[in-house]
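The values are calculated or read from the model by the stated rules, or taken from the named source; none is laboratory data. It should be emphasised that the depicted structure is a prediction, and the values quoted were computed from it without experimental measurement. Neighbour counts run over all protein chains shown; Cβ positions are idealised from the backbone, glycine included. Areas reflect the complete protein model, heavy atoms only, side chains present, ligands, DNA and RNA absent. Shrake-Rupley method; radii C 1.70, N 1.55, O 1.52, S 1.80 Å.
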Amino acid sequence: MARKLGNVLIGQSGGPTAVINQSLVGLVETCQRDGRAGRILGAVHGIQGVLQGEIIDLGRESRKTLEAVAATPGSALRSVRKKPTPEECEQIQHALFELGVRWFFYIGGNDSAETAHLVSQIARDAHQELSIFHVPKTIDNDLVATDHCPGYPSAARFVALALQGDDQDNRSLPGIKIDVIMGRHAGWLTAASALARSGPDSGPHLVYCPERVFEMPAFLADVERVYKRLGRCVIAVSEGIHDSSGKLIGAGEEKDSHGNVQLSGSGALGDLLAATIKRELGAKLRVRADTFGYLQRSFGGAVSPVDAKEARRAGERAAEVALAGRRASGTISIVRKPRQQYAVAYETNELQRVAKEQRRLEERFLAGTNDVSPAFLEWLRPLVGKLPRVAQLSDFPFVP
C-alpha cells in the first residue's frame, strides 16, 4: 500500500452550475482510490470556509451519497465570491499547513483561478509542499486555453430550449419579445439561443453579444425591419452589451469583491429596451421582456449528458495529475480533437494562463452585428445534444 503523503482539500467558488458537483465527485472518488491521499476534506463556501475553519470530511461519504451529490445542481459545498487580500492568502496558506493539506483543488472560473494562483505563490514562497489545482467551471464559457468549460453546455442547452419555447409563444401571440441572457464580457451563452431556430422564420431573429458595440438606433432599425417582415420579433441580448465607449447598457452600481458590476439580479436592461421600442416604434406595440438571470446556472432539467461526463472527467484528471506529482499547480483544459466525430482530450495548463483572463466569442463565430455564424452552431451542437423537434403550422393542411 502506498504511503499517505498528506490530506486533500476541495473548495467550490463563483457561480454554481448544473454539473459542478460532477467535478467535485470526480475529485473525491479519484482521491479515495489513490493510496497517497489521506483525509479528503471539503471547505464550506470555498476560501471563506478555510479562513473560518468550516471544514467537512468528504472521504467518509458512501458511493451512493456521492453519486446523488454528483447529479444535484448547484454547489454542494456552497460557494463564495471573494478575492482574498495578501494577508488572507497568508492565513489560507497557514490553515492548509495546519490541516496537513498536500493537495488543494479549487473548482471555479477565472476569478477562482486567480485566487488559486495567489495562494500558490504564497505557499511557494513559504517553501510549503503544497499542490494547488484549478478545476474549470463557468456557464459563461470565458476561460482561455480550453475549447469550452464544464457548466456551459448545460446552460447553453437551457437557453436553446427556453428560446425554442419562447419562439412558439411569440408565434401564438405575436409581438416583440426580448430575452436578456447572462454574459458580462463574452456572448457564448447568448449566442447559444440561435440553436433554437428550426426554420427560416424561427426566433431568435436578432442576437446581440458584447463582442459587438451596441447602438440603439441600429437596434431599433433591426427590430422594425424584422417586425415589418414577420409581424413579430424575438430578440436574444446579452446582459453585457455596451456602447462605443464601453459603458454597459442598463447596468447598476453594485460590485462584488473582484470588481464585477451586478447585472443578472436586475431586469433593468430588458425594461429599458422594451420602453425604448415602445417609445420610438409605437406605444401600441406588444413588447415584453424577460431576464433569465440565475435560472440558467443550476437548472437540473436541462443537463447536457456530454457536460456531465466532461465535468466529472475534469475533476478526475486534476486529481490524477496532482497526486502523481507531475506539477506543483495547474488548471485543466478541454481540447477538442480534430476529427469528424466529437471527441476531446484533457490537458494541464499553467494557472496564470487562466487567472483573470477572459475569452470572448471568436470572430469566425459572429455574423454581422446581430447574429452568429453557421460555424458557431456546428461547434456548439455536440455539446448541447439533440433538441426536441418543433412542429410548424405548415405541417398541418388547411381545410380546402
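Tell me yes or no: at least one residue of segment 346-357 is over 30 Å from I40 (Cα atoms), open to solvent by less than 60 Å² (accessible area, probe 1.4 Å), modelled with pLDDT of 95 or more and more than 19 Å from the chain's Cα centre (by Cα).
no
Take the residues in segment 374-400 that are free of Cβ contacts under 8 Å to residues at least 40 places away in the same chain and under 21 Å from the mean Cα position of the chain (by Cα), then tell me which one is farthest from E211 (Cα to Cα).
Selected residue: K386.
Given the conditions (1) at pLDDT below 95; (2) more than 20 Å from the chain's Cα centre (by Cα); (3) closer than 24 Å to A328 by Cα; (4) surrounded by fewer than 20 Cβ atoms within 10 Å (Cβ to Cβ), which single one is not true for K83?
Condition (2) is where K83 drops out.
Determine whether segment 217-230 contains at least one residue that is closer than 30 Å to Q352 by Cα, open to solvent by 10 Å² or more (accessible area, probe 1.4 Å) and of a type outside the set (A, V, I, L, M, F, W, C).
At the first step, the residues of segment 217-230 found to be closer than 30 Å to Q352 by Cα are none.
Scanning segment 217-230, I find no residue that is closer than 30 Å to Q352 by Cα, open to solvent by 10 Å² or more (accessible area, probe 1.4 Å) and of a type outside the set (A, V, I, L, M, F, W, C), so the answer is no.
Take the residues of segment 239-250 that are surrounded by 12 or more Cβ atoms within 10 Å (Cβ to Cβ) and either under 20 Å from the mean Cα position of the chain (by Cα) or at pLDDT 90 or above (or both): which is farthest from F292 (Cα to Cα)?
Ranking the candidates gives D243 first.
Which condition number in (1) at pLDDT 95 or above; (2) out of contact with any Ser or Thr (no Cβ under 8 Å at 6 or more places or on another chain); (3) open to solvent by less than 10 Å² (accessible area, probe 1.4 Å) is the one that R171 fails?
Result: R171 fails condition (3) only.
Going through segment 318-340 one residue at a time, which ones are free of Cβ contacts under 8 Å to residues at least 40 places away in the same chain and either in contact with a strand residue (DSSP E or B) (Cβ under 7 Å, 6 or more places away or on another chain) or among the polar types (S, T, N, Q) (or both)?
Of everything in segment 318-340, those that are free of Cβ contacts under 8 Å to residues at least 40 places away in the same chain and either in contact with a strand residue (DSSP E or B) (Cβ under 7 Å, 6 or more places away or on another chain) or among the polar types (S, T, N, Q) (or both) turn out to be K337, Q340.
Any idea which of Q48, Q52 is modelled with pLDDT of 95 or more, open to solvent by 10 Å² or more (accessible area, probe 1.4 Å), in contact with an Asp or Glu (Cβ under 9 Å, 6 or more places away or on another chain) and not hydrophobic (A, V, I, L, M, F, W, C)?
Q48
For residues that are surrounded by fewer than 16 Cβ atoms within 10 Å (Cβ to Cβ) and in a loop (DSSP other than H, G, I, E, B), tally how many sit in segment 286-326.
Matching residues across segment 286-326 total 4.
Can you tell me which residue in segment 372-388 is least open to solvent (accessible area, probe 1.4 Å), limited to those that are in contact with a Lys or Arg (Cβ under 7 Å, 6 or more places away or on another chain) and among the hydrophobic types (A, V, I, L, M, F, W, C)?
Filtering first and then ranking leaves V384.
Being farther than 21 Å from G199 by Cβ, assigned to a helix (DSSP H, G or I) and touching a helix residue (DSSP H, G or I) at 6+ places or on another chain (Cβ under 7 Å) is the filter here, so list the residues in segment 351-378 that pass it.
Residues satisfying the conditions are L351, Q352, V354, R364, F365.
On the given criteria, is D179 closer than 21 Å to L361 by Cα and part of a loop (DSSP other than H, G, I, E, B)?
Working: closer than 21 Å to L361 by Cα: yes; part of a loop (DSSP other than H, G, I, E, B): no.
Answer is no for this residue.
Among the residues of segment 5-23, how many are within 19 Å of V321 (Cβ to Cβ) and open to solvent by 10 Å² or more (accessible area, probe 1.4 Å)?
4
Listed here are the residues, each with its yes/no results for (1) open to solvent by 10 Å² or more (accessible area, probe 1.4 Å); (2) under 16 Å from F376 (Cα atoms).
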| position | (1), (2) |
| --- | --- |
| G183 | no, no |
| L189 | no, yes |
| A194 | no, yes |
| S202 | no, no |
| E215 | yes, no |
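Considering A236, A218, A156, which residue is modelled with pLDDT of 95 or more and under 16 Å from the mean Cα position of the chain (by Cα)?
That would be A156, the only listed residue that is modelled with pLDDT of 95 or more and under 16 Å from the mean Cα position of the chain (by Cα).
Looking at (1) open to solvent by less than 30 Å² (accessible area, probe 1.4 Å); (2) within 22 Å of the chain's Cα centre (by Cα); (3) at pLDDT 95 or above; (4) within 30 Å of R232 (Cβ to Cβ), which is the only condition D147 fails?
The single condition D147 does not satisfy is (4).
Quick one: which residue in G175, G203 is under 18 Å from A275 (Cα atoms) and touching a strand residue (DSSP E or B) at 6+ places or on another chain (Cβ under 9 Å)?
Of G175, G203, the one residue that is under 18 Å from A275 (Cα atoms) and touching a strand residue (DSSP E or B) at 6+ places or on another chain (Cβ under 9 Å) is G175.
If the requirement is being over 17 Å from the mean Cα position of the chain (by Cα) and closer than 28 Å to T146 by Cβ, which of these qualifies: H94, H45?
H45
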